[in-house]
Amino acid sequence: MNKFKNLAVYLSVLAVVGTAGVGDAVAQNDRNTTVQDGIELRPLSRFRNIYSAEQLNEAAAQQYTQMMGQAQQKGVLLPPSHPEVQRLRAIAKRIIPHTARWNQEATRWQWQVNVIDAKDVNAFCMPGGRIGFFTGILTSLKLTDDEVAAVMGHEISHALREHSREKMGKQAVTNGVARLGGALVSGIFGIDPNITGTFANIGAQGLGLKFSRDDEREADLVGLDIAARAGYDPRAGIALWRKMAALNKRAPIELLSTHPGGEARIVDMESHMNVLLPVYARAKGTTAAKLPPYRTNVTLR
């Protein structure tokens, strides 16, 4: 009996491998990359078609309205007259005109920018251009305007590249395959479905993490591109992640994180400065060779 149970567990692992087969199909799609403005892009995945853009935008609009309403009730939604709100809206006003080159739908988005007074070191952009910043990321990292633009560009790029829609579609498929594989092994060998389900879910979650790391890398570079076109120094992205590393020295290892490690991000950004700096220089009316070194306002230790 123990041998059969061991075999069942082994086959439940194979069910995970079956789930990974879906990941292989995704990887094949990801290999069909294109290059735009010197940045390698994965094609928009067919998995995103499981949910329509209209469905996602409507849900995001409701969630954003609810979130801002709750923040206002709690007295933590900064008013439009607040200097930080005015600052971020001014930065967004410069960035938004450069978003359509990455997604034409952005010209029809109902852009919003709000700031919540909370310690969270975070920011987001929901589908449809609904941007939110927490004061924690502004104060803890002492962000310059260029660094705010790097954060904002990154978050906007997730929406432009439809990462949320794609991830929801992929997760729906991988979760479905994982459950099916676990159920088949359970039915054939009579083992507790909770055991096979656990193994299958681990496989699905692992694939989800991989999707997220790819999305983060893409958003970093696209975000710096639109920030550079708006006249914000793309080298701020490097300074930003060095500050993040100093603030969070015990970050989870890359393999188990939905975000690539800070050093990996910095290497990616540095390898694209030959593309990004000329774009920024043109926006400033000069050349890359004449740009002064980037200086942040503070180095966190």
At a 10 angstrom cut-off on C-beta neighbours, averaged per residue, how do the peptides 226-233, 274-281, 213-220 rank from highest to lowest? 226-233, 213-220, 274-281
With a point put 7 Å past each Cα toward its Cβ, work out how far Glu270 is from Thr34 in nm, to one decimal. 3.1
Simple SL model, points at 7 angstrom along Cα→Cβ for Asp120 and Arg295; separation in nm is 3.5
Highest to lowest packing among 282-293, 108-119, 66-77, scored as the average C-beta count within 10 Å: 108-119, 66-77, 282-293
Subtracting the Cα-Cα distance of Gln66 and Lys284 from 0.36 nm times their residue separation yields 74.6 nm
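None of the figures in this text is laboratory data; all of them are computed from the coordinates on show. These numbers come from a predicted model, not from an experiment. Because the Cβ atoms are built from the backbone with ideal geometry, glycine has one as well, and the counts that use them run over all protein chains shown.
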